[in-house]
1. When a/c is below 1.5 the answer is rounded, else prolate if a/b is larger than b/c, else oblate, so apply that to segment 78-237 with a ≥ b ≥ c taken from the square roots of the Cα gyration tensor eigenvalues.
2. Residue by residue through segment 214-228, which ³J(HN,Hα) values in whole Hz follow from phi under the Karplus form 6.51 cos²θ - 1.76 cosθ + 1.60 (θ = phi - 60°), with glycine and proline marked x?
3. Is segment 159-218 rounded, prolate or oblate when judged by the Cα gyration tensor, a ≥ b ≥ c being the square roots of its eigenvalues, rounded requiring a/c under 1.5 and prolate requiring a/b larger than b/c?
4. Would you mind checking segment 159-191 for residues with the amide N under 16 Å from a putative spin-label position 7 Å along Cα→C-beta of Thr210?
5. With a ≥ b ≥ c taken as the square roots of the eigenvalues of the C-alpha gyration tensor of segment 37-157, please select rounded if a/c is under 1.5 and otherwise prolate if a/b is larger than b/c or oblate if it is not?
Amino acid sequence: MVNPRPRPTAQNLSSAPADGAGGGGAAEPSWPLTTWQGWQRFATTDPVSPPQADDPPRSRDERLAYHSAFVTIRTPAISQLATQVRTLMILGRHQQTTARPSLIVTGPAAAGKTTALLNVGRACHLAHTRKNPAPPRSAQAAAPVAYVLVPPGATAKTLITEFARYLGIPITARMTQTQITDAVCHTHTQAGIQLVLIDEIHRLNPRTTTGAQTADLLKDLTERLPATFVYAGINVTDTPSAAGHGAPSSPAAPPSSTAAPSPPATAPANRSATSSPTSKTTSTSSSTNPAPSPATTPTSTSAPPAASEASPDSF
């Protein structure tokens, strides 16, 4: 097989300053979260500070900007998810022969799955960079976390292309899926990716030919990448996605924690727990098998920036 050219390495990733800059210039807001520049900016940007008593009055636009910059409150469910992910990452470091254990975060729409996923990913990123500071004047950027969205109607090639786009791996029309996969596995390994977050996993339907091929790709990646995979999707236990990942059709653990009040009272209740119109009971579970097992949604809520965000030390 002909190796793809050029094949990027971790050395091709220029260092990004603390504010998320990369590639020799400041990262602009246009960088999506599904690129390492956008993720770096998200993970390292401090929450906005509340106004002080002696500050001058803010304009209307400044007040609206402040109130739109919500931070995540660390609920017991998010703390439990962080513990589960950290445990799986430790277990995965000692598992070399087969795919590492994975986790699925599931629940109804707008329950806080993505919020919880990003919160845990940010804590992992900050904990890694704190424990492994880059040497002075180092050109190597820290990239411990990868965040990927499953595109609508995803095929195996379009999904692996999303993995390539995250680290800026150049892809040409002539490259085959195998070549792209080899480049992704090589570069993600060299970059030190330890945690892979895959959102919108419910878009995959392993009962179709295309969906089955895409699910097989994910299984292949879990075996080839030295990273822990965490998936999130809407009611995954009620869709073919769970069966495609080898997960049981119902949550594997009973409710174990109570999350913050849920947003709309009309939101569908979680099947694995009894919920009232104003609160959700949630749980998380993990599996030591290569295939991910479902976990009920670690629901979270947002609060104005005056609230304090979780410290990465707790991850």
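1. oblate
2. In residue order, the calculated couplings are 5, 5, 5, 4, 4, 5, 5, 5, 5, 8, 9, 9, x, 9, 8 Hz.
3. Numbers: a/c = 2.20, a/b = 1.36, b/c = 1.62.
It is oblate, given that a/c is not under 1.5 and a/b is not larger than b/c.
4. Flagged as within label range: 159-162.
5. Working: a/c = 1.96, a/b = 1.49, b/c = 1.31.
Since a/c reaches 1.5 and a/b is larger than b/c, the shape of segment 37-157 is classed as prolate.
Just so you know, all these numbers are worked out from the coordinates, no wet-lab data involved. Here the structure is a predicted model, which is why all the values come from computation and not from measurement. Please note: Cβ atoms are built from the backbone with ideal geometry, for glycine as well, and neighbour counts cover all protein chains shown.
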